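**Q** Input: one structure, supplied below.
The values are calculated or read from the model by the stated rules, or taken from the named source; none is laboratory data. Since the model is a prediction, treat every value here as computed from it, not as a measurement. We place every Cβ from the backbone using ideal geometry, glycine too, and count neighbours over all the protein chains shown.
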Amino acid sequence: MKTLLILLAQTKFTATMEIVGLLLVAGIIGFFTAWFYSKSISTKKIEALESEIDNLKQQLGKLNAENNTLQGSLNDKEDETKHLTMEVKALKALHAEAVQEINDNKLKNKKTEQKLYEKDTASKIPTPAIYHLNYDSFGKATENEKDDLKMISGIGPYIEEKLHDLGIFTFKQISNLKAKDIADIDEAIESFSGRIERDQWIEQAKELIIDEKKRDELLEAIRVKKSLLFYDRIGIALKEEADDLTEISGIGGWISKKLNALDIYTFRQISNFTDEDIEIVRDAIEFFPGRIERDEWILQARELVRTKISMSEHMEKISVMKNRIFYDRLGIAHKHHANNLTLIKGISSWIEDRLNILEIYTFKQISNLTTEDIEIITDILELASSRIQQDKWVEQAQVLTKLKEK
């Protein structure tokens, strides 16, 4: 029995070992079968991916080639653009030179025409009679009797010359002018329109025809009023420091003497005037209300103080900048065709003088001003940036041009 049990136990062990061996073999076979199967699938996927990579590499190669082609084309276009830009700049420079040359030629022609006119005028000795003035009304005078008409505020060298052409040489003649005489003078010389009344020539001339003793008495009466002035505000100046106050448009020789009687000698003093100072000075020298403000003494004085050069030098500086003006747009005018630009509100005598230096003489020229022209003139004359537009120079000039054409 015992032996039987031992045989049974051995038989079970052997069977168990066989089963385990079979299971192990089956597992190994399953593993390798699965591995071979998995490998075959992976190989196909890898081959597919490698094929796709090859395709993508080919596409990338084509795109790189196209990109290189486009980059080359872009570089060509940039080179072409640079070339065209240089050509445009060259053409603009040529155009600017051509415009400048045209303007220079126009100015040369204008100056030549002006010289021919002046030569022609000079060859014809002015005969006062041709102006049909009533000399019986205000009197006749000869050049030998002439006074310095520039002593009258509002009369500069150019206007004095025109008065001489009319046979008007003395203060007495001007003091005798009647309304009809003024109208005849305005008609004879269009640029005078309104000047005589506006600048009160007659009143000034009446003061100047008094004898030297009475003038001295008048100046002494003015000196007495010095105590009314605030010299701590306007400043103190000595006679030795005196500026030529007649360089301020609106101050004639006689007014300059009156200001000197108040110990006002310099541009700096006038540049410091306040409204109160203006009123005191006006009353002291018995000047005309509103004239100091209208003629812009303070602005002119400040300009003279700032530039620290004489008016003639300043005018020369302005004259040099004429080449910036587009006369083909504004039109060309001559000095003998000048209008009275001070009829335009906002253009005082000193601004008119500067416009004339720029060879701008007429309402028509001002009516043609464009925004660019206004900017150029504002810069040259150093006016407030919006002054011309605010005072409506162009609109006023257009109206005055139409009235003149009627």
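**Q** Could you look through region 200-241, keep only residues that are without any contact (Cβ under 8 Å) to a residue 60 or more places away in the chain, closer than 17 Å to Asn176 by Cβ and of a type outside the set (Val, Ile, Thr), and pick out the one that is surrounded by the fewest Cβ atoms within 10 Å (Cβ to Cβ)?
**A** Restricting to residues being without any contact (Cβ under 8 Å) to a residue 60 or more places away in the chain, closer than 17 Å to Asn176 by Cβ and of a type outside the set (Val, Ile, Thr), the top hit is Lys206.
**Q** Also, I was wondering about something else. Kindly evaluate Leu60 against the criterion of being outside the structural domain of Asn323 (by TED's automatic domain parsing), part of a helix (DSSP H, G or I) and either within 60 Å of the chain's Cα centre (by Cα) or at pLDDT below 80 (or both).
**A** no
**Q** Would you mind finding the one in Thr307, Thr362 that is more than 23 Å from Gln200 (Cα to Cα) and buried (at least 20 other Cβ atoms within 10 Å of the Cβ)? So that I can check it myself, show each step before the final result.
**A** Details: Thr307 fails: buried (at least 20 other Cβ atoms within 10 Å of the Cβ).
Residue meeting the stated conditions: Thr362.
**Q** Here's another thing I want to ask about it. Looking at region 261-274 only, could you name the residues that are under 24 Å from Met315 (Cβ atoms) and part of a helix (DSSP H, G or I)?
**A** Phe267, Arg268, Gln269, Ile270, Ser271
**Q** Tell me, which helices (runs of 4 or more DSSP H) wholly within region 304-400 include 2 or more residues that are under 30 Å from Asp243 (Cβ atoms), in contact with an Asp or Glu (Cβ under 7 Å, 6 or more places away or on another chain) and outside the structural domain of Ile159 (by TED's automatic domain parsing)?
**A** The qualifying helices (runs of 4 or more DSSP H) are 349-357.
**Q** A follow-up question, please. What's the number of the only condition in (1) surrounded by fewer than 13 Cβ atoms within 10 Å (Cβ to Cβ); (2) in contact (Cβ under 8 Å) with a residue 60 or more places away in the chain that Tyr327 fails to meet?
**A** (1)
**Q** Is it true that some residue in region 193-200 is over 26 Å from Leu259 (Cβ atoms) and either in contact with a His (Cβ under 7 Å, 6 or more places away or on another chain) or modelled with pLDDT under 90 (or both)?
**A** Yes; the residues of region 193-200 include at least one that is over 26 Å from Leu259 (Cβ atoms) and either in contact with a His (Cβ under 7 Å, 6 or more places away or on another chain) or modelled with pLDDT under 90 (or both).
**Q** Do you know which residues across region 128-183 are acidic (Asp, Glu) and on the phi > 0 side of the Ramachandran plot?
**A** Filtering region 128-183 down to residues acidic (Asp, Glu) leaves 136, 143, 145, 147-148, 160-161, 165, 181.
Listed by number, the list is empty, since nothing qualifies.
Residue-by-condition table, conditions (1) touching a Pro at 6+ places or on another chain (Cβ under 8 Å); (2) closer than 30 Å to Asp328 by Cα; (3) among the aromatic types (Phe, Trp, Tyr):
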residue: Gly21; (1), (2), (3): no, no, no
residue: Phe32; (1), (2), (3): no, no, yes
residue: Glu50; (1), (2), (3): no, no, no
residue: Asn68; (1), (2), (3): no, no, no
residue: Gln71; (1), (2), (3): no, no, no
residue: Leu74; (1), (2), (3): no, no, no
residue: His83; (1), (2), (3): no, no, no
residue: Leu91; (1), (2), (3): no, yes, no
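**Q** If you don't mind, another one. One residue is enough: does region 287-297 have a residue meeting the conditions without any contact (Cβ under 8 Å) to a residue 12 or more places away in the chain, loosely packed, with under 14 Cβ neighbours inside 10 Å, at negative phi and not assigned by TED's automatic domain parsing to the domain that holds Ile347? Let's see the steps before the verdict.
**A** To start, the set of residues in region 287-297 that are without any contact (Cβ under 8 Å) to a residue 12 or more places away in the chain comprises 289-290.
Narrowing the set further to residues that are loosely packed, with under 14 Cβ neighbours inside 10 Å leaves 289-290.
When the remaining residues are screened for being at negative phi, the result is 289.
Going one step further and asking which of them are not assigned by TED's automatic domain parsing to the domain that holds Ile347, we end up with 289.
Among the residues of region 287-297, at least one is without any contact (Cβ under 8 Å) to a residue 12 or more places away in the chain, loosely packed, with under 14 Cβ neighbours inside 10 Å, at negative phi and not assigned by TED's automatic domain parsing to the domain that holds Ile347, which makes the answer yes.
**Q** Among the residues of region 167-192 satisfying the criterion of being at pLDDT 90 or above and part of a loop (DSSP other than H, G, I, E, B), which is surrounded by the most Cβ atoms within 10 Å (Cβ to Cβ)?
**A** Checked region 167-192; the qualifying residue surrounded by the most Cβ atoms within 10 Å (Cβ to Cβ) is Ile168.
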